[in-house]
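Visitor: Can you read through this structure? Questions will come right after.
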Amino acid sequence: MIIMQYNKSFKYIVPLGICLAVASCTPVLSPLAEKKAVPQSFDKSTDTTNISATPWRTYFKDPNLVNLIDTALKNNQELQITLQEIEIAKNDIRVKKGLLLPQVGLAAGAGIEKVGRYTSQGAGDASTEIMPGKEMPDPLGDLKIGAYAKWEVDIWKKLRNSKKAAVSRYLATVEGKNFVITNLIAEVADSYYELLALDNQLEIVKQNITLQSNALEIVKIQKEASRATELAVQKFQAEVMASKSMEFDILQNIKETENKINFLLGQYPQEIKRDKANFASLVPSAVNSGIPSQLLANRPDIKQAELELEAAKLDVKTARAEFYPSLDITAGIGFNAFKPSYLFTLPESLLYSFAGDIAAPLINRNALKAEYSSANARQIQALYNYERTILNAYIEVANQLSKINNLEKSYDLKSQQVDALNRSIDVAGDLFKSARVDYFEVLMTQRDALESKLELIETKKEQLNASVYVYRDLGGGWK
């Protein structure tokens with residue numbers, strides 16, 4: 001290290017040209033690649049209307065779901081943890097800001113010293129009089145009280161860039177909180193629609209059990225009349241047992257889904273209030289996707305990645321400034337005496353100092369080069385993370401838009417299938433009673449009808465969830 005110190009006179013005799021020449025030897029790094037442009041549209045649509053601007057209280061029409069989301073936003077532990085991360089980042093800004101200002105403090109001390117009489121200091125003290133006829137005391141006390149200050153002059157903006165990086169990271173944590181909110185809202189809505197779907201599946205299974213039980217009674221009567229065999233009775237009995245087993249499976253899934261919602265709401269297990277009757281009539285919200293460039297402003301995870309990239313760039317500037325000379329100024333003022341009665345005697349007990357230090361790295365530069373290279377590598381990582389986040393956002397939206405379109409067509413076809421199978425149940429029952437078809441065809445018809453009804457409910461649930469996820473993927477919910 002090249003260090004020049006100035007006491008009292010503060011004379012600049014340091015050859016700054018040498019320091020700057022040393023600092024100019026920072027390693028040259030490759031420039032960052034340019035950011036890739038996002039596509040201009042989703043599926044060739046140029047409509048800029050975007051549902052992400054719709055508040056979640058307006059987007060979700062079910063009042064029970066709105067109440068659940070509202071509770072989750074107040075009590076969810078993950079969201080509360082994220083809020084504390086914001087506080088941590090805010091405090092880091094205060095730390096970085098404090099480094100820009102002089103460090104000022106007060107100090108006081110007391111001590112005592114006994115030196116040998118036959119030493120240069122002892123001989124000098126013995127021959128020195130404080131005042132005529134009064135020698136220096138032995139042992140000698142040492143009392144101090146005063147103020148001191150230290151300040152690193154931010155010549156190369158090292159500290160200011162460090163503070164700006166902290167600000168960017170704080171803003172990134174805010175966007176991280178917004179991203180948690182969008183995902184929390186989507187997860188609550190997804191689980192709520194899953195719960196409604198399970199309720200309706202349970203009702204269908206119960207109806208099917210009643211239908212199968214009625215068929216079983218008919219088969220038993222036919223057996224007594226020698227029109228059916230024991231095999232038919234046992235087959236129908238097995239179908240009833242299978243449906244009852246399915247009923248308990250669905251009940252377990254309902255309990256687990258309720259508890260999943262309770263966990264998201266930060267509360268212990270309790271029944272989730274919901275309207276079980278209107279699931280089939282629920283219509284997914286209309287979707288307006290806007291254009292891909294709007295994702296840059298609406299998606300919190302993209303804005304978070306952008307802010308982290310800005311912070312990484314500032315970190316590189318801060319690491320580069322470590323190669324340059326630094327200027328530290330120190331000062332102090334106070335009182336110093338060997339006896340309390342002399343401590344505030346002026347000017348004899350007055351003590352002051354003023355010094356400036358300029359230092360630049362000269363020999364051990366490998367550590368600085370390594371940190372500079374690491375900062376640049378983290379900057380490149382942040383750039384790739386930013387590009388990956390944008391790509392992921394675009395693909396998520398594209399997938400959901402395609403899913404919404406295909407599910408709409410699938411639901412129409414499944415509805416027609418369910419209607420046809422419902423009619424076939426009645427036809428099969430009439431034919432079975434007149435012995436024109438055997439029990440196996442009746443069983444298969446009932447089984448196919450049950451599966452198609454359950455699939456129809458599952459498709460409806462996927463439709464509703466697709467509308468939830470496209471709202472999330474477009475950046476809705478946090479505003």
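The values are calculated or read from the model by the stated rules, or taken from the named source; none is laboratory data. What you are looking at is a predicted structure, and each value in this text was computed from that prediction instead of being measured. Every residue, glycine among them, receives a Cβ derived from its backbone with ideal geometry; neighbour counts consider all protein chains shown. With ligands, DNA and RNA removed, areas are computed over all heavy atoms of the protein, side chains included. Shrake-Rupley method; radii C 1.70, N 1.55, O 1.52, S 1.80 Å.
Visitor: Please determine whether any residue of the stretch 463-474 is touching a Ser or Thr at 6+ places or on another chain (Cβ under 9 Å), crowded, with 21+ Cβ neighbours inside 10 Å and outside any helix (DSSP H, G or I).
Guide: yes
Visitor: Give the residue that is farthest from E187 (Cα to Cα), with candidates limited to residues of the stretch 79-106 that are surrounded by 14 or more Cβ atoms within 10 Å (Cβ to Cβ) and among the acidic types (D, E).
Guide: So, considering only residues that are surrounded by 14 or more Cβ atoms within 10 Å (Cβ to Cβ) and among the acidic types (D, E), the one farthest from E187 (Cα to Cα) is D92.
Visitor: Same structure again: Can you run down the residue pairs with Cβ atoms below 7 Å, 6 or more apart or on separate chains, where the first is in the stretch 364-381 and more than 22 Å from A305 (Cβ to Cβ) and among the hydrophobic types (A, V, I, L, M, F, W, C) and the partner is assigned to a loop (DSSP other than H, G, I, E, B) and open to solvent by 50 Å² or more (accessible area, probe 1.4 Å)?
Guide: L368/E322
Visitor: Take the stretch 201-238 and flag every residue that is open to solvent by less than 30 Å² (accessible area, probe 1.4 Å) and either farther than 19 Å from I425 by Cβ or of a type outside the set (A, V, I, L, M, F, W, C) (or both).
Guide: Of everything in the stretch 201-238, those that are open to solvent by less than 30 Å² (accessible area, probe 1.4 Å) and either farther than 19 Å from I425 by Cβ or of a type outside the set (A, V, I, L, M, F, W, C) (or both) turn out to be Q201, L202, N208, Q212, Q222, V233.
Visitor: For the structure I just gave you, tell me whether S162 is within 30 Å of K61 (Cβ to Cβ), in contact with a Lys or Arg (Cβ under 7 Å, 6 or more places away or on another chain) and assigned to a helix (DSSP H, G or I). Break it down stepwise before answering.
Guide: Values: within 30 Å of K61 (Cβ to Cβ): no; in contact with a Lys or Arg (Cβ under 7 Å, 6 or more places away or on another chain): yes; assigned to a helix (DSSP H, G or I): yes.
For S162, the condition - within 30 Å of K61 (Cβ to Cβ), in contact with a Lys or Arg (Cβ under 7 Å, 6 or more places away or on another chain) and assigned to a helix (DSSP H, G or I) - is not met.
Visitor: Right, another one. Step by step: first the residues of the stretch 209-231, then only those that are assigned to a helix (DSSP H, G or I) and touching a Lys or Arg at 6+ places or on another chain (Cβ under 8 Å), then the one that is farthest from I390 (Cα to Cα). Which residue is that? I'd like the intermediate steps shown before the answer.
Guide: Here is the first cut: in the stretch 209-231, the ones assigned to a helix (DSSP H, G or I) are 209-224, 230-231.
From the residues that got through so far, the ones that are touching a Lys or Arg at 6+ places or on another chain (Cβ under 8 Å) too are 209, 218, 230.
Details: I209: 50, I218: 62, E230: 65 Å.
My answer is E230.
Visitor: Could you please find all residues in the stretch 301-328 being touching an Asp or Glu at 6+ places or on another chain (Cβ under 8 Å) and either open to solvent by less than 50 Å² (accessible area, probe 1.4 Å) or without any contact (Cβ under 8 Å) to a residue 24 or more places away in the chain (or both)?
Guide: Let us first name the residues in the stretch 301-328 that are touching an Asp or Glu at 6+ places or on another chain (Cβ under 8 Å), namely 301, 303-304, 307, 319, 322, 326-328.
Hits for the stretch 301-328 are D301, K303, Q304, L307, A319, S326, L327, D328.
Visitor: Out of the stretch 333-348, which residues are open to solvent by 90 Å² or more (accessible area, probe 1.4 Å), in contact (Cβ under 8 Å) with a residue 12 or more places away in the chain and either within 12 Å of G146 (Cα to Cα) or of a type in the set (G, A, S) (or both)? Can you show your working first?
Guide: Restricting attention to the stretch 333-348, the residues satisfying the condition of being open to solvent by 90 Å² or more (accessible area, probe 1.4 Å) are 333, 340, 344, 346-348.
Still in the running and in contact (Cβ under 8 Å) with a residue 12 or more places away in the chain: 333, 340.
The one that is open to solvent by 90 Å² or more (accessible area, probe 1.4 Å), in contact (Cβ under 8 Å) with a residue 12 or more places away in the chain and either within 12 Å of G146 (Cα to Cα) or of a type in the set (G, A, S) (or both): I333.
Visitor: For the stretch 417-434, check the following and say yes or no: at least one residue is among the hydrophobic types (A, V, I, L, M, F, W, C), touching a Phe, Trp or Tyr at 6+ places or on another chain (Cβ under 6 Å) and open to solvent by less than 70 Å² (accessible area, probe 1.4 Å). Talk me through it step by step, then tell me what you get.
Guide: If we filter the stretch 417-434 for residues that are among the hydrophobic types (A, V, I, L, M, F, W, C), which is where we start, we get 418, 420-421, 425, 427-428, 431-432.
Of the ones still in play, those that are also touching a Phe, Trp or Tyr at 6+ places or on another chain (Cβ under 6 Å) are none.
No, because not a single residue in the stretch 417-434 is among the hydrophobic types (A, V, I, L, M, F, W, C), touching a Phe, Trp or Tyr at 6+ places or on another chain (Cβ under 6 Å) and open to solvent by less than 70 Å² (accessible area, probe 1.4 Å).
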